[in-house]
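One structure is given below, encoded as structure tokens.
The values are calculated or read from the model by the stated rules, or taken from the named source; none is laboratory data. It should be emphasised that the depicted structure is a prediction, and the values quoted were computed from it without experimental measurement. Note: ideal-geometry Cβ built from the backbone for every residue, glycine included; neighbour counts use all protein chains shown. Side chains included, ligands, DNA and RNA excluded: accessible areas come from the protein's heavy atoms. Shrake-Rupley method; radii C 1.70, N 1.55, O 1.52, S 1.80 Å.
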Amino acid sequence: MVPTGTHGKVHQITPESAGWRYVGFFLYRLRPGETAAEMTGNREVILPKPPP
């Protein structure tokens, strides 16, 4: 699976689209100062620290 763009939400994998039972993820490519928001409900979320 290859990201679909170069800016904003570039990847969205759901358990259903991947044929998995539980795990899914969204990938955002943001410019400095930009933000992203998603409704997470009862799902766990990982927010990696940006590089220095």
Subject >> Estimated translational D of the chain in µm²/s (Stokes, Kirkwood radius over Cα pairs; 37 °C; 0.692 mPa s) >> reply: 261
Subject >> Loop sites in the chain: GluC sites (Glu not before Pro), DSSP, at most 15 other Cβ within 10 Å >> reply: E34, E38, E44
**OP:** Restrict the search to the chain; then list the chymotrypsin sites (Phe, Trp or Tyr not before Pro) that DSSP places in a loop and that have at most 16 other Cβ atoms within 10 Å of their Cβ.
**Re:** W20, Y22
Subject >> Per-residue [θ]222 nm for the chain (sum of -39500 (n - 2.57) over DSSP H runs n ≥ 4, rounded to 500) >> reply: -1000 deg cm²/dmol
**OP:** Over the chain, give the accessible area per residue in Å² for a 1.4 Å probe, as an integer.
**Re:** 95
Original post:
Can you list the HN-Hα couplings for the stretch 34-42, worked out from phi with the Karplus curve (6.51, -1.76, 1.60; θ = phi - 60°), rounded to whole Hz and with x for Gly and Pro?
Top reply: 7, 10, 9, 9, 9, 6, 9, x, 9
Subject >> Local electrostatic count, A36, Cβ distance below 13 Å [Lys/Arg +1, Asp/Glu -1] >> reply: +1
Subject >> Sequence-separation-based contact order of the chain, relative, with Cα cut under 8 Å and 6+ spacing, percent >> reply: 27
**OP:** Count the net charge of all other residues whose Cβ sits under 15 Å from the Cβ of Q12, scoring Lys and Arg as +1 and Asp and Glu as -1.
**Re:** +1
**OP:** Give me the number: length gained by fully extending A18 to I46, i.e. 0.36 nm times residue separation minus the C-alpha to C-alpha distance, one decimal in nm.
**Re:** 8.2 nm
**OP:** Run the accessible area of the stretch 7-52 with a 1.4 Å probe and give the carbon-and-sulfur part as a rounded percent.
**Re:** 58
